[in-house]
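Chemist: Got a structure for you, written out below as structure tokens; questions coming shortly.
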């Protein structure tokens with residue numbers, strides 16, 4: 001009989017008591033969530049997020065490796081476009097008649113990687129259709145300016161060294177470092 005006498009007391013809880021107990025449980029749950037999140041953020045502070053990227057400066061070879069016949073030059077003087085570093089470092093090595101430079105493979109419009117088409121001797125952006133001559137000058141599409149260039153220099157061993165952390169815009173294409181005279 002004692003079990004029956006407890007049952008009416010449990011079922012006859014007032015609305016006010018039910019809501020106050022429910023809100024108390026929600027409040028304690030929210031408090032526990034805040035403490036847990038704060039604890040997790042405190043622990044993550046001691047394990048910094050580090051990005052491991054390839055070095056920005058590296059050797060690409062000697063100028064002799066980028067020779068091409070002057071008869072094969074286009075109207076802009078471009079003799080050879082080397083695509084070896086397009087996928088790993090996003091740049092092309094362009095050889096003109098008398099100089100070599102590292103041309104960025106990032107479209108000047110929104111940063112998509114451009115492709116080199118040897119048969120028509122132009123760069124094309126697959127995202128929005130910007131087109132560039134072999135020397136990086138834009139002539140079609142929404143790109144507002146030519147492709148950028150990276151710093152390139154000869155080291156003491158006669159190797160070409162490219163530094164992708166130093167970028168030359170079109171106003172600085174004639175500055176020493178934007179190309180190597182060969």
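Chemist: Which residue is modelled with the lowest pLDDT, if the candidates are limited to the stretch 117-128 and must be in a strand (DSSP E or B) and surrounded by 16 or more Cβ atoms within 10 Å (Cβ to Cβ)? Full working, then the answer.
Modeler: To start, the set of residues in the stretch 117-128 that are in a strand (DSSP E or B) comprises 117, 122-124.
Still in the running and surrounded by 16 or more Cβ atoms within 10 Å (Cβ to Cβ): 122-124.
Numbers: 122: 89, 123: 92, 124: 92.
Top of the filtered list is 122.
Chemist: Let me ask something additional. Output the residue which, of all residues in the stretch 147-182 that are touching a strand residue (DSSP E or B) at 6+ places or on another chain (Cβ under 6 Å) and without any contact (Cβ under 8 Å) to a residue 24 or more places away in the chain, is nearest to residue 108 (Cα to Cα).
Modeler: 168
For every residue, the table says whether it meets (1) surrounded by 14 or more Cβ atoms within 10 Å (Cβ to Cβ); (2) at pLDDT 90 or above; (3) not in a strand (DSSP E or B).
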residue	(1), (2), (3)
143	yes, no, yes
147	yes, yes, yes
152	yes, yes, no
158	no, no, yes
162	yes, yes, no
171	no, no, yes
174	no, no, yes
178	yes, no, yes
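Chemist: Looking only at the stretch 97-116, filter to residues that are in a strand (DSSP E or B) and touching a strand residue (DSSP E or B) at 6+ places or on another chain (Cβ under 6 Å); which one of those is surrounded by the most Cβ atoms within 10 Å (Cβ to Cβ)?
Modeler: To start, the set of residues in the stretch 97-116 that are in a strand (DSSP E or B) comprises 99-104, 106, 113, 115-116.
When the remaining residues are screened for being touching a strand residue (DSSP E or B) at 6+ places or on another chain (Cβ under 6 Å), the result is 99-104, 115-116.
Details: 99: 15, 100: 23, 101: 24, 102: 27, 103: 25, 104: 22, 115: 13, 116: 19.
Applying the filter and picking the extreme gives 102.
Chemist: Could I ask something else about it? Give the residues of the stretch 129-141 that are assigned to a loop (DSSP other than H, G, I, E, B) and at pLDDT 90 or above, sorted by residue number. Let's see the steps before the verdict.
Modeler: So the first thing to find is which residues in the stretch 129-141 are assigned to a loop (DSSP other than H, G, I, E, B), and the list is 129-130, 134-137, 141.
Scanning the stretch 129-141 gives a single hit, 130.
Condition check ((1) modelled with pLDDT under 85; (2) over 28 Å from residue 143 (Cα atoms); (3) within 19 Å of the chain's Cα centre (by Cα)) across all residues:
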residue: 4; (1), (2), (3): yes, yes, no
residue: 27; (1), (2), (3): yes, yes, no
residue: 49; (1), (2), (3): yes, yes, yes
residue: 52; (1), (2), (3): yes, yes, yes
residue: 73; (1), (2), (3): yes, no, no
residue: 77; (1), (2), (3): yes, no, no
residue: 95; (1), (2), (3): no, no, no
residue: 101; (1), (2), (3): no, no, no
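Chemist: Among the residues of the stretch 54-71, write down those that are touching a strand residue (DSSP E or B) at 6+ places or on another chain (Cβ under 8 Å), assigned to a helix (DSSP H, G or I) and modelled with pLDDT of 75 or more.
Modeler: Taking the stretch 54-71 as the starting set, the residues that turn out to be touching a strand residue (DSSP E or B) at 6+ places or on another chain (Cβ under 8 Å) are 56-63, 66-70.
Next, only the ones that are assigned to a helix (DSSP H, G or I) stay: 63, 66, 70.
Listed by number, the residues that qualify are 63, 66.
The values are calculated or read from the model by the stated rules, or taken from the named source; none is laboratory data. The structure displayed is predicted, hence computed values, not measured ones. Positions of Cβ are generated from backbone atoms using ideal geometry, with glycine treated the same way; all protein chains shown enter the neighbour counts.
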